[in-house]
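Chemist: My questions all concern the structure below.
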Amino acid sequence: MKKLRKKLKIVWEGILPSNPVLVLLLGMCATLGTTSSALGGLLMGISTGLVLICSNSVVSLIKSLVPDKVRIPVFIVVIATFVSVLQLAVNAWMPALNASLGLFIPLIVVNCILLGRAEAYASRHSLADSALDGLGSGIGFTLALTILGGMRELLGAGSIFGMRIYPEDYAMLLFVLAPGAFIALGYLIAIVNRINR
């Protein structure tokens with residue numbers, strides 16, 4: 001029971017207390033660039049989460065083989081490998097997703113969430129704990145992007161996941177554009193800060 005509680009705590013940390021987007025403010029490029037809709041946020045979050053779980057697992061496995069002087073470049077190569085596999089798979093089997101996310105899939109490589117979790121957690125913990133940390137951070141990232149995307153889509157287009165909620169005539173175009181991303185993200189961060197206190 002105590003072990004299970006410890007494992008659940010590892011996952012929970014990435015979801016709310018140390019949420020990569022809403023608490024640590026990491027990965028802002030992907031956060032602001034892909035969240036003009038709830039579906040875009042969800043798909044980007046899932047893609048990043050998959051890479052995060054895989055890269056954390058591999059970093060945990062090779063941590064004792066990598067000298068300290070080349071640790072960061074090796075971690076980046078591991079992350080880039082999984083991003084390349086993801087991009088090729090998405091391009092082959094889900095061309096609509098590839099068209100939707102476009103340039104943001106290759107940019108997962110430079111997302112500081114992945115390198116941060118590899119350096120801060122996976123390089124110091126077991127395979128199981130590192131995979132769970134990747135899962136928790138991936139879920140937290142996906143939730144943050146989906147909520148932000150849903151908020152922006154609802155306010156800016158009058159729909160959520162493409163389903164019409166109210167007439168488009170009453171929507172505020174500002175929220176679909178870049179300034180709306182900053183405004184919506186600011187409100188979400190304020191809400192999470194209030195919850196965490």
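Chemist: Roll a 1.4 Å probe over the protein chains and send me the accessible area per residue for the chain in Å².
Modeler: Spelled out: the 1.4 Å probe surface of the chain, per residue, equals 53 Å².
Chemist: Which order do you get for Glu168, Glu119, Glu13 if you rank them by accessible area with a 1.4 Å probe, largest at the top?
Modeler: Glu168, Glu13, Glu119
Chemist: Apply the Karplus curve 6.51 cos²θ - 1.76 cosθ + 1.60, θ = phi - 60°, to the phi angles in the range 22-28 and return the couplings in whole Hz, x for Gly and Pro.
Modeler: 8, 10, 7, 6, 9, x, 5
Chemist: What list of ³J(HN,Hα) values in whole Hz, one per residue of the range 156-166 in order, does the Karplus curve 6.51 cos²θ - 1.76 cosθ + 1.60 (θ = phi - 60°) give from phi, with Gly and Pro shown as x?
Modeler: x, 10, x, 9, 9, 6, x, 8, 5, 9, 9
Chemist: Return the sequence-ordered ³J(HN,Hα) values of the range 172-186 in whole Hz as given by the Karplus equation 6.51 cos²θ - 1.76 cosθ + 1.60 applied to θ = phi - 60°, using x for Gly and Pro.
Modeler: 9, 3, 3, 6, 7, 8, 4, x, x, 5, 5, 5, 5, 5, x
Chemist: In a shell of Cβ-Cβ distance under 13 Å around Thr35, excluding Thr35 itself, what net charge do Lys and Arg (+1) and Asp and Glu (-1) give?
Modeler: That works out to 0.
Chemist: Work out the FRET efficiency for Ala99 and Ala178 from their Cβ-Cβ distance, taking R0 = 25 Å, and round it to the nearest 0.05.
Modeler: 0.75
Chemist: Still on this structure, I have one more. With a point put 7 Å past each Cα toward its Cβ, work out how far Leu127 is from Trp12 in nm, to one decimal.
Modeler: So the two model labels end up 2.7 nm from each other.
Chemist: Is it possible to state the helix-based mean residue ellipticity at 222 nm for the chain, with each DSSP H run of 4+ residues giving -39500 (n - 2.57), the sum divided by total residues, to the nearest 500 deg cm²/dmol? What is it?
Modeler: For the chain, the value works out to -22500 deg cm²/dmol.
Chemist: Now, a different point. Could you sort Val66, Val21 by their accessible area in this structure, using a 1.4 Å probe and putting the largest first?
Modeler: Val66, Val21
Chemist: Here is a further query. What residues have an amide H closer than 5 Å to that of Asn111, excluding those fewer than 5 places away on the same chain, when H is modeled at 1.01 Å from N in the peptide plane?
Modeler: For Asn111, whose amide H was placed from the backbone, there are no distant partners under 5 Å.
Chemist: In terms of solvent-accessible area of protein heavy atoms at a 1.4 angstrom probe, what is the ranking of Thr81, Thr31, Thr146, highest value first?
Modeler: Reading off the accessible areas and sorting them downward yields Thr81, Thr146, Thr31.
Chemist: Right, another one. Just report the Cα centroid separation between the range 109-170 and the range 37-96, whole Å.
Modeler: That distance is 15 Å.
Chemist: Under the rule of at least 5 residues apart or a separate chain, name every residue whose amide H is placed under 5 Å from the amide H of Ile160.
Modeler: Those qualifying (amide H under 5 Å, at least 5 residues apart or on another chain) are Ile165.
Chemist: Let me ask something else. Please give the length that would be gained between Leu65 and Lys3 if that part of the chain were fully extended, namely 0.36 nm times their separation in residues minus their C-alpha to C-alpha distance (nm, one decimal).
Modeler: Difference between extended and current length: 19.6 nm.
The values are calculated or read from the model by the stated rules, or taken from the named source; none is laboratory data. As the structure is a computational prediction, the values presented were derived from the model and not from experiment. Quick reminder, even Gly has a Cβ in these numbers, built from the backbone with ideal geometry, and neighbours come from all protein chains shown. When the accessible area is computed, the model is the full protein with side chains, heavy atoms only, and any ligands, DNA or RNA have been set aside. Shrake-Rupley method; radii C 1.70, N 1.55, O 1.52, S 1.80 Å.
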